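To keep things clear, I will list the structure first and then write my remarks on it.
Bear in mind these aren't lab numbers, they're just calculated from the coordinates by the rules spelled out. The structure displayed is predicted, hence computed values, not measured ones. Cβ placement follows ideal geometry from the backbone for every residue including glycine, while neighbour counts extend to all protein chains displayed.
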Amino acid sequence: MKPWLDPLYDSAGMAAADRWAIDEAGIPSLDLMERAGRALADAAAGMAGGGSVLVVCGKGNNAGDGLVAARYLAELGLEVEVQLLWAGDELSPDAAANLDRLRGIPVDEGPGSLVRREPPGLVVDSILGTGFEGEPREPVAAAIEWINEVAGPVLACDIPSGVDASTGEAELAVQADRTVTFHGPKVGHFIRPGKGLTGALEVAPIGFPPDAPPGEAAGIITERVLTLLPPRGPESTKFTSGRVSLVGGSRGLTGAVVLASRGAIRAGAGYATAAVPDSLEPVVTAAQAEVMTIACPEGNRPGALGPEAAETILDHCQGAAAVVLGSGMGRADGTARLVRQLVETIEAPLVVDADALSLLGADPEPIASRGFPTVITPHPGEMARLLGREPAAVEARRLGSAVEEAARTGAVAVLKGDDSIVAGSEGIAIDDLEAPGLATAGTGDVLAGVCGAFLARGLDPFDAAAAAVFAHARAGRIATGRVGSADGTIASDVVEALPEAIGPLP
C-alpha cells in the first residue's frame, strides 16, 4: 500500500480482520457485535428525532448488529420495532443470542407484514452485510424496495444492503441517508453506484487492536501524494523541470490542446511544446505565449492531423520527458493510423487521452506493446469504446472496468468521474474529493496536461496519475470557491487554481 493512500477493506479483507480480532486478539465475537450495535444506536438516536424506529434485519451478523441497536434504542426510551425477514431460528448464532436479549420490543418474523407497515420515523437497514455480492433475492428484494419507498430517513448498518463492499456494484440496493461502518471504510463506500447509495459515512471503532490487519484492497488518495513532487530550487532550470510535448488539435477543437498545454505548465512542467495542424498553429500560438508550437503537415483534410504528420511529430517528441496525445485531435480519416503509429513509436512516458483513445478502440495491442510507461485517461464513454461495451455497463462496473483495461494494456488506467479510479499493477487508488465544478467541457484536457507534467517531473506512472487526479480535483474545488458556484466554473478557472492546489502543504 502506497504511504499516501488511506487503506480500504474489501469483503475478504474485512472478514480476515474480523477473524484475526476473534482468533488472534481474543476478542469475543459478541463483544464486537455489542460495540457495533451501540455505535449504530448512537447514530440512529440522533436521526430519529424522538420518532419511531424500525430495524429491518436479515439473518446474518449484520442482523445481530441491528438487534443490539434496537435494545439500546429502547433503553433510551424510543419507540422501537424489529422486522425479521426470516424466522428467528434461522439467525446466525450471535444474532440469535441478541434476539434472546430483547425485552419488551415488538418483533415481527417473516416479510409479509413489512409492506403493510406505516412509514416509521427512521428505518435501520440491517439486512445484508459486507459479505454480499450479486443481486438480492426475495424476501430481501421486496424489503429493499419498500425501504426505498418510505418517507423517513434511512440508516444503513455497515453498508447499504445490496451494495457490493468490494466493488461498489449494486443491482438493487438501499438508498441510505447515512451509513455507520465498523473498524474501517470499505471500497464499496467510495465507488459508484455504491458511493451514491451510502449517504454520509461514519466509521465507528469497535475495539480492534492497532496491529489488526489493514485494508489492502484499495486506498483513498490523500494530499500526501503531492509530497512526491520535486520542488524547484535555486539551481533548477526549465530542462530539469521536464519538457512536455503535446500532440493534438483540429479545426474547432484547438481549445482542447491549449487547455492541456496550460495545465502542463501550471502543474510545474519546465516547458511545453504543442504539435498541431499547420493551419491552426497561429491560433494556438496566440492563445498562450508560454507554450511553443510545432506546425505539422495536414494532407488532404485541412485542419486535422494525419499520417503525413508522423515524422514531424516524432521528431518533436524526441527528448521529451513526457508526451500527451489526443487532446482535440478529432477523428478525421487517417488520424487513427497516425495515433496507432505514434503510440507504438514514441519513446517516452505517454498520456493517451480523448480522441486518441476513441481512435484506438477496443484493440489493446498498440498500448500493450509499448516499452515505455503509459497512462490512459478515459471518461466512461471512452472506456466503453476501449472495452467494446455500452457506457451503462462501464458505469455499473466502474472498478472492474478500470482494472480490466489496466490488465489488458499494461497501462495505468484512470477512469474519470467524481470517484475517479486509478488502476495499475501497483494497486487501486480512488479520489474522494467532490468537485462538481469539474463537470464542464475541457477539464479532462487539463487533467491530461497535469498528468503529463507530473510524469515529466519524474514520478512513476501510478504515482503521477494519482497525484494528477488529486491535484485536479483540489483545483476544481478551489476554482469553484473563487468563482462562487460550480455551475459557473470553467476549465480555465481550474488551470489558474492549479498552483494553489499543488503548492506547499500547510
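Taking a point 7 angstrom from the Cα of residue 12 along the C-beta vector, which residues in segment 199-229 have backbone N less than 18 Å away?
Within reach of a label on residue 12, which here means backbone N under 18 Å from a point 7 Å along Cα→Cβ, segment 199-229 contributes 213-219.
Where does the charge balance sit around residue 490 when Lys and Arg score +1, Asp and Glu -1, over other residues with C-beta under 13 Å from its C-beta? Could the numbers behind the result be given before it?
Details: positive: 262, 482; negative: 445, 487, 493, 496.
It works out to a net charge of -2.
List the residue ranges in the chain for DSSP H helices whose C-alpha atoms run 30 angstrom or more along the long axis and whose Kyte-Doolittle average is -1.0 or above. Walk me through the numbers before you get to the answer.
Working: long enough: 461-483 (32 Å, 0.50).
Those that pass (Cα extent of 30 Å or more, hydropathy at least -1.0) are 461-483.
Counting only DSSP beta bridges with both residues in segment 5-219, tell me the antiparallel percent, nearest 5.
Details: 2 of 27 bridges.
Counting only bridges with both partners in segment 5-219, antiparallel ones make up about 5 percent.
Eight or more residues apart or on different chains, and alpha-carbon atoms under 25 Å: count the Lys pairs in the chain matching that.
Values: 2/186; 2/195; 2/416; 59/186; 59/195; 186/195; 186/416; 195/416.
Lysine pair count for the chain: 8.
Could you compute the FRET efficiency for residue 141 and residue 315, with r as their C-beta to C-beta distance and R0 at 56 Å, rounded to 0.05?
Values: r = 61 Å, r/R0 = 1.09.
Efficiency, rounded to the nearest 0.05: 0.35.
In the chain, if the dipole is taken from +1 on Lys/Arg beta carbons and -1 on Asp/Glu beta carbons about the Cα centre, which of 491, 476, 384 is farthest to the positive end?
It is 491, whose Cα lies furthest towards the positive end.
Quick one: if you take sqrt(5λ) for each eigenvalue of the C-alpha gyration tensor of segment 5-219, what semi-axes come out, biggest first, whole angstrom?
In descending order, the three semi-axes are 25, 20, 16 Å.
Per-residue counts of other Cβ atoms within 10 Å, averaged by peptide: what ranking do you get for 455-463, 94-102, 77-85, highest first? Each step should come with its number before you reach the end.
Working: 455-463: 23.0, 94-102: 18.4, 77-85: 20.6.
In decreasing order of mean packing, 455-463, 94-102, 77-85 become 455-463, 77-85, 94-102.
Compute the convex hull volume of the Cα atoms of segment 289-353, divide it by the residue count, and report the result per residue in Å³ as a whole number.
Working: hull volume 6.1 nm³, N = 65.
Given the Cα convex hull of segment 289-353, per-residue volume reads 94 Å³.
Have a look at 67, 16, 190 and report the one farthest towards the positive end of the charge dipole of the chain, computed about the Cα centre with Cβ charges (Lys/Arg +1, Asp/Glu -1).
190
Report the local net charge at residue 278: Lys and Arg +1, Asp and Glu -1, summed over other residues whose C-beta lies under 14 Å from its C-beta.
Neighbourhood net charge equals -2.
Note the full-extension length gain between residue 341 and residue 278 as 0.36 nm times their separation in residues minus their Cα-Cα distance, in nm to one decimal. Mind dumping the intermediate values first?
Numbers: separation 63, 0.36 × 63 = 22.68 nm, distance 1.96 nm.
Length gained, residue 341 through residue 278: 20.7 nm.
With the Cα gyration tensor of segment 240-501 in hand, convert its eigenvalues to equivalent ellipsoid semi-axes via √(5λ) and list them largest first in whole Å.
Details: eigenvalues 120, 97, 58 Å².
Taking √(5λ) for each Cα gyration eigenvalue gives 24, 22, 17 Å.
Residue separation times 0.36 nm, minus the C-alpha to C-alpha distance between residue 19 and residue 368: what's the value? Mind dumping the intermediate values first?
On the way: separation 349, 0.36 × 349 = 125.64 nm, distance 4.00 nm.
Going from the current span to full extension adds 121.6 nm.
Quick one: if you stick a label point 7 Å off each Cα along the C-beta vector at residue 492 and residue 396, how many nm between them?
So the two model labels end up 4.2 nm from each other.
Can you compute the charge dipole magnitude of segment 240-501 about its Cα centre, using +1 on each Lys and Arg Cβ and -1 on each Asp and Glu Cβ, nothing else charged? Give it in debye, rounded to the nearest 20. Don't skip to the answer; put the middle values down first.
Values: 19 positive and 32 negative charges, 20 e Å.
Roughly 100 debye, rounded to the nearest 20.
Cα-based Rg (one decimal) and Dmax (whole number) for segment 456-503, in Å?
11.7, 35
Compute the separation of the alpha-carbon centres of segment 244-261 and segment 308-332 and state it in Å as a whole number.
Taking the Cα centre of each part, segment 244-261 and segment 308-332 sit 11 Å apart.
Rg and Dmax of segment 374-452, Cα atoms, in Å?
Here Rg and the maximum Cα pair distance are 11.8, 32 Å.
Provide the gained length on full extension for the span residue 286 to residue 434, in nm with one decimal, where the gain is 0.36 nm per separating residue minus the Cα-Cα distance. Don't jump to the answer; show the numbers that get you there.
Details: separation 148, 0.36 × 148 = 53.28 nm, distance 3.38 nm.
That pair, residue 286 and residue 434, stretches by 49.9 nm at full extension.
Counting alpha carbon pairs within less than 8 Å and at least 6 residues apart, what relative contact order, in whole percent, applies to the chain? If you can, show how the numbers build up before the last one.
Values: 1218 pairs, mean separation 63.5, N = 506.
It comes to 13 percent, rounded to a whole number.
At 0.890 mPa s and 25 °C, plugging the Kirkwood radius over alpha-carbon pairs of segment 308-464 into Stokes-Einstein gives what diffusion coefficient in µm²/s?
Working: Rh = 15.6 Å.
Rounded to a whole number, D works out at 158 µm²/s.
In debye, nearest 20: dipole of segment 403-476 around its Cα centre with unit charges on the Cβ of K, R (+) and D, E (-)?
260
Give the percent of DSSP beta bridges with both residues in the chain that are antiparallel, rounded to the nearest 5.
So the antiparallel bridges in the chain amount to around 20 percent.
Percent of alpha carbon pairs in the chain separated by more than 33 Å? Display every interim value, and only then the final one.
Numbers: 57968 of 127765 pairs.
So the pairs more than 33 Å apart make up 45 percent of the total in the chain.
When the Cα centres of segment 373-411 and segment 28-67 are compared, how far apart do they sit, in Å?
Here the answer is 38 Å between Cα centres.
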